[in-house]
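The values are calculated or read from the model by the stated rules, or taken from the named source; none is laboratory data. All values derive from a computational prediction rather than experimental measurement. Positions of Cβ are backbone-derived with ideal geometry, glycine not excepted, and every protein chain shown enters the neighbour counts.
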Amino acid sequence: MTREWNNEEKFIELQSIDDPDLIHEIHEEIFHKNKGLAVHYATKFYKKGHSYEMDDLTQVALMALWECIDRYKVNHGAKFSTYASFFIKGRIKNFFRDKTWNIYAPKKDKEILQKYNTVCNSLIKNGIEVTEENLYKYTNLTEEEYIIGENLSGKKYTVDLDGFRGETYGGIPNNSYGMGLTNSELIPSTDITMEEDAITKILLNDFLKKLDKDEELVFVEKYIKGRNNNYISHNSNMSYSKIKRIDKDLIEKFMEELDSD
């Protein structure tokens with residue numbers, strides 16, 4: 001009977017091997033067994049007709065996967081699939097920031113940007129906070145349109161909270177934030193989660209202690225509570241652009257922390 005593949009067991013095996021050729025062979029084996037994860041995220045973020053090709057995203061994702069194999073430490077407690085998923089998504093988002101959005105916006109992207117701005121303004125007029133969750137809940141904006149719109153826009157959409165507290169809009173009672181939603185509803189859904197023991201060991205006990213106050217706030221709000229940049233900016237004294245800069249640096253800092261002994 002064929003034994004079921006286990007990433008963590010392979011990394012444990014690597015710890016006892018000194019032969020460079022054998023190490024490379026096992027690295028390639030892990031890579032090929034997990035290629036589907038990289039392709040999944042490349043496909044998820046790809047939108048036909050934009051200023052990047054599917055091959056570009058696939059290459060970014062596969063390179064990130066290979067880098068994950070070199071950097072992953074099984075003794076840190078997080079599963080390889082969890083670590084790799086977080087890392088690959090971060091690399092793809094960096095690709096969007098650094099290579100795509102700042103170079104050229106083709107016609108389709110401009111149309112999406114116009115739609116994004118329109119629906120954001122519509123939410124604001126109805127007293128609803130502009131969050132990823134709310135955009136999906138109250139508009140027909142797709143995930144790809146949200147990603148493109150948020151990156152191209154760079155705007156800070158806000159609502160006058162004092163004007164909405166204690167009232168209702170569209171039959172939805174407002175909470176303490178004045179947004180008509182509970183705290184749990186303000187948290188966008190995500191398919192990337194971290195095990196509680198890994199979060200405690202890697203983030204809370206080690207990583208968070210090394211961050212300044214603003215970095216800690218962004219990391220906890222975005223990567224533990226699942227809130228997006230618009231939400232964090234609206235509920236803190238930081239600008240949207242500052243949060244984006246911190247977010248970009250946090251991914252690298254987090255990976256360096258995982259890579260350290």
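Quick look at the values:
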| quantity | calculated |
| --- | --- |
| Count - residues of the stretch 24-62 that are part of a helix (DSSP H, G or I) and under 18 Å from the mean Cα position of the chain (by Cα) | 14 |
| Enumeration of residues in the stretch 7-46 that are among the polar types (S, T, N, Q), surrounded by 12 or more Cβ atoms within 10 Å (Cβ to Cβ) and farther than 13 Å from Leu62 by Cβ | Asn7 |
| For Ile17: the one exception among (1) in contact with a helix residue (DSSP H, G or I) (Cβ under 9 Å, 6 or more places away or on another chain); (2) without any contact (Cβ under 8 Å) to a residue 24 or more places away in the chain; (3) assigned to a helix (DSSP H, G or I); (4) more than 14 Å from Ile88 (Cβ to Cβ) | (3) |
| Matching helices (runs of 4 or more DSSP H) fully within the stretch 204-261 where at least 2 residues are exposed (fewer than 14 other Cβ atoms within 10 Å of the Cβ) and modelled with pLDDT under 85 | 240-259 |
| Tally of residues being crowded, with 22+ Cβ neighbours inside 10 Å and in contact with a strand residue (DSSP E or B) (Cβ under 8 Å, 6 or more places away or on another chain) across the stretch 115-140 | 1 |
| Residue check for Asn7: at pLDDT below 90 and within 13 Å of Cys68 (Cβ to Cβ) | yes |
| Subset of the stretch 124-142 [more than 25 Å from Lys108 (Cβ to Cβ) and in contact (Cβ under 8 Å) with a residue 60 or more places away in the chain] | Glu129 |
